[in-house]
Structure formats: C-alpha cells, structure tokens
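Scroll down for the structure; my scribbles are underneath it.
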Amino acid sequence: MGLSFEVSAESSGGGRRGVLQLPHGVVQTPVFMPVGTAATVKTVQQETLEEIGADGAGAGIILANTYHLYLRPGHELIQRMGGLHRFMSWRRPMLTDSGGFQVFSLAGLRKVTDDGVEFRSHLDGSKHFFSPEHSMAVQIALGADIMMAFDECVETPASWERTSQSMGLTHAWAARSKAYFDAHKHEAPWTAEFGGTQSLFGIVQGGMYADLRRESAERLVEMDFDGYAIGGLAVGEPREVTREMIARSLEILPRDKPRYVMGVGYPDEIEEYARTGVDMMDCVLPTRAARHGLLFRSAEAGETGPAVRMNIKRVEYAEDRRPIDATCACMVCKRYTRAYLRHLFVAKEPLGATLNSIHNLAFYLDTMRRVRDGLAKGDSVNPPGG
Ligand SMILES: [Zn+2]
C-alpha cells in the first residue's frame, strides 16, 4: 500500500481539505512542502523543521532533489545508509522529484534523445545519462514516500508544435516510468522493515497551451498514477497564464487523487491555488529569499495585500525593536528583533540565514494552516487579487 487520500471538505471554489496517508506518516492537505535540495532544508535542522509554525506541528512533508543527491553523495551510498529518511534522520514523509527539471536547466550541458537525457555534472563536468528507468531506480534507492515520473521540461517560450512534441515524449516517459516503478516498487530501503510501498505521481505538461494541458492530463489519467502533478509552470509566464493552466488541468484530474503544483510560489499564490483545489505545493522561495534577507510578513495598518515583502538589510531596521511580524507566533518572532536580524545579515553571520529561513517557512506553513482551517469550516472562495 502506497498512499490513501481522503477529502473531508470541499469549498464552492474547488478547494479541498484532505488527509494524505503515507508510509512515514499523515499529511494534512492542502500542504506546503519545504525544499530540502541536498537532503537538507538549507540552514534549518530537522528538529526545528518538526516544530516550525504557530501550532508547533512543523512541516508534514519535505522534498529532496534527485539530481543533486544522485551526484553527491550518490543514491547508492544513501541506499546503503538505509535510505534518505534514515540518512538525514527525518522520520516524516518525503517526496523526491525526478531529476528532470534540474537536468533540463543545464543549458548547453545536455543532449535529449527518445531514450533519455545525457548531461554533464555541474560539479565536475563528468558525463551522465538519465532515462525514465534510471530516474526510477535512483528514486527507489533514495526511498521517498512519493516519487515523480521522469518528464521533459520544454523551454519557455516554445511554439505549440514544439510543446506538443515535447509533451508526447513526456507521456512516453511517463508510461516507461510507471512500468519500471510497478515492477520495482517493493524495493524501497524500508519496505522489508515496516511494509508499505512508495507511490508514483505523473506530471502534466503542455506548456502555456490550454488544449495541450487538457490532453496531457487526459493521457496521464489513463495511465492511472497514485497522484498527479502539474509541472512546467512559474517559469516566467504571467500569473494569469499560470492560473489558467492550473485550472484547465484540474478540470481533468480525478478528484479522489492528490494534485500537486510544482515549484510555486509567493505566499499569496500558494493560498490562491490551494483555494482552487491544489493539494500540494513546493517552492525554494521561502528559504532562498531568507538567505538573501528577504522576509515575508502579514500586512500592517495602511498596507495592502495578504503578504508584505521586507528587506531586512535596510538601514531603517538598524534600531527597530519589533519582531519581523507582530502577528507571527514563530520561534524567531517570539524572541528576536528586526535590529538583531539586520545586524546578523549585514555581518554575514550564518545564524541570520537560519533565523530568516525559520520565519519564512513558518509564514508559509501558517498560511496553509489558515487555508486548511477555512476549508474545514466551509469557506467559500475569495481569490486574492481576483
Ligand atoms: Zn515569525
């Protein structure tokens, strides 16, 4: 048994309050998944991740990147160490991507054939090859609760013809991913120990074309995955286009399976998509922004919008005794002033990146908790920014 998913409440706008049961625990949805690229959510230790957020519940599920772990320290080493959960001492659910997105981001370092992608490591220039089967084998060795099918990510912008051709390759690779997964899914590092199997999600592509998005969703649903992701978005297109592509895909994807939008976004975006029926999202933004001194906080009197961005390095915070966000109950806002956080950032002290990351992650997790509470109470939709 890989996963079970139950929707307990649904809003008129399609938002769903659900519970996703995975081999390593239960995830309340809609959920935001912090990104732990190289088996670490950068600068934040695991015991903190388990407590982050106003309710102290922490992150329910985190993501790790197959490409990075395959190159360093290597999936075989991680398998010998008992799998990713044990290696990094994270006992809750995890998800791995397929490696495709990173490989396709290596402009000039890759060659695509029907069989797979040849690429050069960004670390040492060494040559590697990823096929759908190889991506599955690597992800099984890592042993996350949820794995992703290997897909081609088309460049943006791309013509309809080019996007359609790329989508065809993604569908062929999805079928090959699924065939390999079905034959090997009992080989996760922990299956023998406590039972259960990994789950595999298909990825809807189709670029910025509504007809292709619908077609892609239809093909993938025929293949019957455990859940479905919507990929290739938030790559520089206008927000209305992202919204439209998500909506067209959701119309086709089954209501009884989890639906995941990859790589989005700002706090107001994750809130909006959750309210229209997306169950899972991930993004490097809260941690990456934090390391650059960019913090998210709720609006104060006289400000507009659900989330305000503040740059902690500004001189106006040098003697500011207030917390980042007076309404935030995170461990950083309870204890530290803006003045101290600005000092850490300006002095390039590592603690600054840690504290900023903890607050930003708490802000994202609390945003989703608020959405979940609203959906459970039967909130109707009120899309921010319309
Ligand atoms: Zn805070």
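Things worth noting here:
- Heavy-atom accessible area per residue - the chain, 1.4 Å, Å²: 41 Å²
- Percent RCO, i.e. relative contact order, over the chain, from Cα pairs under 8 Å lying at least 6 residues apart: 19 percent
- Entry note, the chain: the mean residue ellipticity at 222 nm calculated from DSSP H runs of n ≥ 4, each adding -39500 (n - 2.57), is -11500 deg cm²/dmol after division by the residues and rounding to the nearest 500.
- Pairs of Cα atoms nearer than 8 Å and 6+ residues apart set the relative contact order; for region 169-315 it is 16 percent.
- Residue 230 accessible area, 1.4 Å probe, all protein chains in place, Å² to nearest 10: 0 Å²
- Stretching the chain fully between residue 91 and residue 322 yields a gain of 79.6 nm (0.36 nm per residue, less the alpha carbon separation).
- Segment residue 223..residue 194, full-extension length gain: 7.6 nm, with 0.36 nm per residue of separation and the alpha-carbon distance subtracted.
- Gaussian network model of the chain, Cα within-10 Å springs - most flexible of 152, 240, 272: 240
- Atom-type composition of the exposed protein surface of region 248-295 places 51 percent of the accessible area on carbon and sulfur (1.4 angstrom probe).
- With all protein chains modelled, accessible area of residue 17 [1.4 Å, Å²]: 40 Å²
- In the chain, the DSSP beta bridges split such that about 50 percent are antiparallel, to the nearest 5.
- Measuring against 28 Å, Cα to Cα, the residue pairs 42/178; 42/313; 313/334 contain 42/178 as the ones spanning a longer distance.
- The solvent-accessible area of residue 349, taken with every protein chain present and a 1.4 Å probe, is close to 90 Å².
- Ranked order, 251, 244 - accessible area, probe 1.4 Å, largest first: 251, 244
- Overall form of region 161-282 per C-alpha gyration tensor (a/c, 1.5; a/b vs b/c): oblate
- Spatially, region 255-272 and region 62-117 are offset by 22 Å when compared through their Cα centroids.
- At an R0 of 25 angstrom, the distance between the Cβ atoms of residue 162 and residue 182 translates into a FRET efficiency of 0.20.
- Highest average packing first - 117-127, 132-142, 41-51, 153-163, Cβ atoms within 10 Å: 132-142, 41-51, 153-163, 117-127
- Taking the Cα centre of region 64-137 as reference, the dipole from Cβ charges on Lys and Arg (+1) and Asp and Glu (-1) amounts to some 380 debye.
- Relative contact order computed over region 122-218 (Cα-Cα under 8 Å; 6+ residues apart), in percent: 34 percent
- With every protein chain in place and a 1.4 angstrom probe, the accessible-area ranking of 185, 348, largest first, reads 348, 185.
- Efficiency of FRET between residue 106 and residue 72 - r from beta-carbon atoms, R0 22 angstrom, step 0.05: 0.90
- For the set 33, 331, 1, solvent exposure ranked by accessible area (probe 1.4 Å, protein chains only) runs largest to smallest as 1, 331, 33.
- Shape category assigned to region 247-386 from the gyration tensor of Cα positions, a/c cut at 1.5: prolate
The values are calculated or read from the model by the stated rules, or taken from the named source; none is laboratory data. Being a predicted model, the structure only gives us computed values, none of them experimental. Reconstructed Cβ throughout: ideal geometry from the backbone, glycine too, with neighbour counts over all protein chains shown. Just the protein is used for accessible areas: all its heavy atoms, side chains included, with ligands, DNA and RNA removed. Shrake-Rupley method; radii C 1.70, N 1.55, O 1.52, S 1.80 Å.
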